[in-house]
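Written out below as structure tokens is the structure these notes cover.
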Amino acid sequence: MDESAQEGPGTIDLYLNIILLVFVVATGIAAVWLRNLLASAMVLGIYSLLMATLWVVMDAVDVAFTEAAVGAGVTTVLMLLAIALTGRQEKRARARPWLPLGVSLATAGLLVYATLGMPAFGIADAPAQLHVAPYYLQQAEAETGVPNVVTAVLASYRGFDTLGEVTVIFTAGMGVLVLLGSAGLRRQSASAPAKGDSAKGNSA
């Protein structure tokens, strides 16, 4: 009776992870399969929300917040702005992209194979639990002056990683601003000859 009660929460988490992973794979395939770029962008937003939920189930709440804010929020807005400047429909490729598909499948296979050598999820004797985590818990406040361990890890120990993430978002935002500016210049240059022709017609 006690063993079944102890195994219950773990079994529920396992089933929930499997369900979320199935939806993640389905939305990922749908985003690639769709020809309508607007629909694809919305599906990618759903994909990010599912990933954020998966991180919450795995007790990585800080990663879930980042995924929800950046993946489902900022990235979706940037893609919608880019689609508004380009078009909703994807142009069909003249040749089938077999080489990129092969490289992607090979990379995915290598990543899956690499996970086979990782320790099981949540075990107490994993290297991260024996070496890295205790050090952060004991020394984070003394070395960084930040009482919250998660904040200390993100802002100090993983400072360069956080800086890289911010740089990526900043670069994407600047790219969208450049696209918006170039689109405005094209509209002005296209409307200038029309105004000139109308002025000549009125003077004649």
Hits in segment 48-90 (condition: more than 30 Å from T11 (Cα to Cα), buried (at least 17 other Cβ atoms within 10 Å of the Cβ) and within 10 Å of the chain's Cα centre (by Cα)): V70, T75, T76
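Among the residues of segment 91-98, is any surrounded by 11 or more Cβ atoms within 10 Å (Cβ to Cβ), part of a loop (DSSP other than H, G, I, E, B) and of a type in the set (D, E, K, R)?
Looking only at segment 91-98, we keep the residues that are surrounded by 11 or more Cβ atoms within 10 Å (Cβ to Cβ), and these are none.
No, the conditions are met nowhere in segment 91-98.
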Inter-residue pairs, beta-carbon under 9 Å, first surrounded by fewer than 12 Cβ atoms within 10 Å (Cβ to Cβ) and in segment 138-164, second modelled with pLDDT under 85 and part of a helix (DSSP H, G or I), 6+ apart: D161/L154
Taking V56 as the residue in question, decide whether it is out of contact with any strand residue (DSSP E or B) (no Cβ under 9 Å at 6 or more places or on another chain), β-branched (V, I, T), in a helix (DSSP H, G or I) and closer than 23 Å to T151 by Cβ. yes
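Restricting to segment 146-181, what's the tally of residues that are farther than 20 Å from T75 by Cβ and either of a type outside the set (A, V, I, L, M) or over 21 Å from the mean Cα position of the chain (by Cα) (or both)?
Keep residues of segment 146-181 that are farther than 20 Å from T75 by Cβ, which gives 146-153, 155-160, 181.
Now narrow it down to the ones that are either of a type outside the set (A, V, I, L, M) or over 21 Å from the mean Cα position of the chain (by Cα) (or both): 146-149, 151-152, 156-160, 181.
Adding up the residues that qualify gives 12.
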Consider G73 carefully, then state whether it is under 30 Å from L154 (Cβ atoms) and small (G, A, S). yes
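The values are calculated or read from the model by the stated rules, or taken from the named source; none is laboratory data. The structure presented is a predicted model; accordingly, all values stated were derived computationally and were not measured. Don't worry about glycine lacking a Cβ; one is built from the backbone with ideal geometry, like all the others, and counts go over all protein chains shown.
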